[in-house]
1. Residues that are more than 60 Å from the chain's Cα centre (by Cα) and modelled with pLDDT under 85: does segment 104-121 have at least one?
2. State the number of residues belonging to segment 239-255 that are at pLDDT below 80 and surrounded by 13 or more Cβ atoms within 10 Å (Cβ to Cβ).
3. Collect the residues in segment 36-82 that are touching a Pro at 6+ places or on another chain (Cβ under 8 Å) and outside any helix (DSSP H, G or I), keeping them in residue-number order.
4. Mind checking whether some residue in segment 217-232 is surrounded by fewer than 15 Cβ atoms within 10 Å (Cβ to Cβ) and in contact with a helix residue (DSSP H, G or I) (Cβ under 9 Å, 6 or more places away or on another chain)?
5. Just one of Leu181, Leu153, Leu186, Leu194 is assigned to a helix (DSSP H, G or I), modelled with pLDDT of 90 or more and surrounded by 15 or more Cβ atoms within 10 Å (Cβ to Cβ); which is it?
6. Against the conditions (1) in a strand (DSSP E or B); (2) over 21 Å from Glu50 (Cβ atoms); (3) among the small types (Gly, Ala, Ser), where does Gly166 fall short? Just the number, please.
7. Exactly one condition in (1) part of a helix (DSSP H, G or I); (2) modelled with pLDDT under 90 is false for Leu100; which is it?
8. Considering only segment 3-43, state which residues are surrounded by 12 or more Cβ atoms within 10 Å (Cβ to Cβ), of a type in the set (S, T, N, Q) and within 22 Å of the chain's Cα centre (by Cα).
Amino acid sequence: MHQNKLFNQTRLRLAAAYGGVMAIILGLSGIGFYRIMAHANWQATQHELEYTTGKLHTALEPVLKQPDQVEARIEKLLPGCCRVGTTCPVSAPPKQRNLLAPVQSSSYYLRLTDRAGRVLVMMGDQPEGKLTHVSLQPWQTIAAPDGNRFLQLTRVLNTQTGKPWGYVQVGRSLQDLDDHLATIRLVLLLGLPLALVAITGASWWLSGLAMQPIYRSYRQIQQFTADAAHELRTPLAAIRATLEATLQEPDLSPTETRNTLQVIERQSNRLAQLVQDLLLLSRMDLQAAAGKHEPCCLNDVIADLTEELTGLALKANVLLTTEIQVDHLLYVLADEGQLYRLIGNLMTNAIQYTLSGGKVWVILSQEDQSAVIQIQDTGIGIAAAEQCRIFDRFYRVNSDRSRQSGGSGLGLAIAQAIARSHQGEIKVQSEPDKGSLFTLRLPLTDSQPVDD
């Protein structure tokens with residue numbers, strides 16, 4: 001297959017199509033995964049910021065009295081905070097475990113502004129450096145000069161009496177989120193190409209596996225076409241040679257004319273039989289030659305075939321015997337004509353490949369719900385390497401001997417096709433120079449033919 005340009009191109013296209021489809025699927029999956037992770041992390045960050053801001057908002061509003069005024073109670077509630085315009089403490093205060101634990105971490109900052117947006121109190125590292133007025137939008141994403149991003153939430157603060165006091169702003173660094181997403185992007189950017197390389201190799205291997213049965217069928221068709229052409233050429237060449245020789249004779253006697261016509265008749269019959277066999281096999285392949293299945297008695301079929309082939313066995317100096325190992329009649333659902341041909345081909349094949357003085361046994365028995373027909377001979381046998389090919393069309397174990405006997409190499413192929421169409425099977429056991437044993441199994445039926 002590797003040396004066939006057509007199959008290599010087809011394999012390449014199949015692998016490329018598979019790889020391209022997988023690349024699109026993986027690319028879209030990677031983009032979808034990244035977007036889902038980014039959205040999930042963003043939502044978690046927002047919820048975390050809302051929770052922290054909500055706790056501060058709830059704790060601050062009960063201590064607020066005058067709008068825009070920072071009272072001592074606020075500074076006590078927020079230890080370590082820094083009023084704008086005053087000197088902020090250098091050392092960080094002890095961390096509290098409840099209210100300020102998140103805000104006192106390095107990733108958070110806090111602001112309290114008046115109603116006009118002027119910053120009154122700060123806490124933590126501010127992303128914008130020195131501040132006077134800030135934006136009061138509820139949600140903001142702020143980019144710091146060092147490239148870090150912060151997510152900021154602003155909420156309105158009211159006094160104890162419900163009057164507007166100002167705003168509380170809590171921000172959180174997005175550095176950990178950005179680092180996490182950068183890691184995901186790196187994994188996807190490195191992993192997807194590596195995955196595509198692996199998929200490309202796998203697709204090339206899988207396309208090769210997928211092409212193998214097609215290639216075998218292609219080779220069988222090529223071999224069948226060559227064999228069929230060769231088989232048809234032989235009788236046609238014989239007819240042509242006979243006609244050319246006859247036409248070159250100006251005066252032919254009646255005997256010579258008769259001999260010429262007999263040669264043409266034999267070769268024509270051979271051509272007709274070959275065409276008929278090929279047509280039968282073609283119809284079998286299309287499952288169009290199942291025929292009408294009726295109960296057929298195997299005892300009668302074997303008896304009739306033994307009687308018909310006795311003359312052929314005597315001519316070949318072969319002893320043909322039958323052995324019925326059941327004391328009742330065995331019936332199978334079959335097309336009677338095809339059943340006769342199936343068993344007849346096996347018996348004829350055994351007789352033709354048995355040397356003079358040999359024997360052929362036909363044994364009928366029953367195993368469970370199957371009829372077993374064994375055809376054993378003392379013939380030339382079949383080598384183990386050839387046993388898997390004897391059911392191929394036009395294949396002969398001994399080509400010269402088959403040609404002399406008039407065989408075309410289709411007998412066993414037809415027998416196999418008929419057996420399969422009747423849900424049966426044929427197995428062979430053979431050794432060179434020791435003979436062969438063909439075993440045919442067919443399913444039995446309880447029905448019997450109805451007398452007219």
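The values are calculated or read from the model by the stated rules, or taken from the named source; none is laboratory data. This structure is a prediction, so every number in the text was calculated from the model and none was measured. Positions of Cβ are generated from backbone atoms using ideal geometry, with glycine treated the same way; all protein chains shown enter the neighbour counts.
1. no
2. Adding up the residues that qualify gives 1.
3. Result: Pro67, Pro79, Gly80, Cys82.
4. Within segment 217-232, not a single residue is surrounded by fewer than 15 Cβ atoms within 10 Å (Cβ to Cβ) and in contact with a helix residue (DSSP H, G or I) (Cβ under 9 Å, 6 or more places away or on another chain).
5. Going through Leu181, Leu153, Leu186, Leu194 in turn, just one is assigned to a helix (DSSP H, G or I), modelled with pLDDT of 90 or more and surrounded by 15 or more Cβ atoms within 10 Å (Cβ to Cβ): Leu181.
6. Single failed check for Gly166: (2).
7. Failed condition: (1).
8. Asn8, Thr10, Ser29, listed by residue number.
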